[in-house]
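Let me begin by presenting the structure, written as structure tokens, before commenting on it.
The values are calculated or read from the model by the stated rules, or taken from the named source; none is laboratory data. Worth saying up front: this structure is predicted, and the values here are computed from it rather than measured. Here Cβ is always computed from backbone atoms with ideal geometry, including for glycine, and neighbour counts include all displayed protein chains.
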Amino acid sequence: MLPYMWQVMDKSFSSQTAVMTNGMTVFTVSGGPIVIVDLLSVCVTANGATASTMQWSSSPTVGSATTFSGASASLANATAGTTVRLAPTALSTAPVIVAASSGGVQLGTNVANNIVVKNGTITLVIGTGSTTGTWIHHILYRPLTPDSIILG
């Protein structure tokens with residue numbers, strides 16, 4: 001049995017590197033709800049000219065799927081090192097894109113809002129078409145129960 005302190009402290013998880021497709025499951029939440037502290041996507045291999053957009057959605061085990069971000073601006077021609085970060089100011093706020101030419105450096109959003117998702121999956125909503133480049137997604141989360149965890 002793990003010490004209780006470890007069970008309730010912030011944790012992180014990274015997805016597999018893959019082409020982003022509409023409806024793709026990126027993370028699975030198990031054992032109880034979590035608070036999303038940070039969610040960052042990093043372009044690993046360059047995208048083509050398709051004007052894809054990305055948006056985040058929660059598909060709970062019980063209840064209806066709902067988006068928890070707006071759609072990003074176009075990811076067309078995003079180069080390796082470009083980052084896209086969740087901006088939790090509202091459930092409709094588009095993620096922030098920072099080009100690799102700017103180092104992909106993201107500034108933290110200074111808001112008191114928390115996005116809480118329940119058991120189920122965190123999926124992508126990709127508009128216009130799948131990305132041609134590959135991406136990896138990193139989540140920092142806080143478990144709301146001792147058993148809450150992200151699985152691959």
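Of the set (1) closer than 22 Å to Ala94 by Cβ; (2) in a loop (DSSP other than H, G, I, E, B), all apply to Phe27 but (2).
Residues in the stretch 111-151 that are crowded, with 18+ Cβ neighbours inside 10 Å, of a type outside the set (S, T, N, Q) and over 18 Å from Pro88 (Cβ atoms): Gly120, Ile126, Gly133, Trp135.
Is the stretch 10-28 home to any residue that is modelled with pLDDT of 95 or more, buried (at least 17 other Cβ atoms within 10 Å of the Cβ) and either over 19 Å from Gly152 (Cβ atoms) or acidic (Asp, Glu) (or both)? No, the stretch 10-28 contains no residue that is modelled with pLDDT of 95 or more, buried (at least 17 other Cβ atoms within 10 Å of the Cβ) and either over 19 Å from Gly152 (Cβ atoms) or acidic (Asp, Glu) (or both).
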